1. Can you tell me which residue in region 69-87 is farthest from A28 (Cα to Cα), limited to those that are out of contact with any helix residue (DSSP H, G or I) (no Cβ under 8 Å at 6 or more places or on another chain), surrounded by 11 or more Cβ atoms within 10 Å (Cβ to Cβ) and modelled with pLDDT under 90?
2. Could you check region 33-81 and list, in sequence order, the residues that are part of a loop (DSSP other than H, G, I, E, B) and of a type in the set (F, W, Y)?
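The values are calculated or read from the model by the stated rules, or taken from the named source; none is laboratory data. A quick note: this is a predicted structure, and the numbers were derived from the prediction, not measured. Every residue, glycine as well, gets a Cβ built from its backbone with ideal geometry; the counts of neighbours run over all protein chains shown.
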Amino acid sequence: MALIGFDTTTGVENEFGDKFGDNYTKNAIMDLMREEPTISARTISEVIGLSSRGVEKSISELKRDGFIERVGSAKGGHWMVSTTPAIVLIAGVSQLNQPN
């Protein structure tokens, strides 16, 4: 099944696979981190079938937005996944909804 996306920067509709949708990727990363807090970006990329660079970019965005946090060192640490905030997509724009 393919999804139709709308690029708000160009005003052009585009088609992309479910596997590579931004929300799917980020949710898959967070699910893997919940299941295995010590998982590496490389292992995540192998499991979900996305490039290491794509996974690293998504991880950076998740950290920036407060969804995940790395505790400890790169090799000996672990991931903490937040239950809040939640991503809501409206017309292709990400917005953070945090409980008051």
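1. P85
2. Of everything in region 33-81, just one residue is part of a loop (DSSP other than H, G, I, E, B) and of a type in the set (F, W, Y), namely F67.
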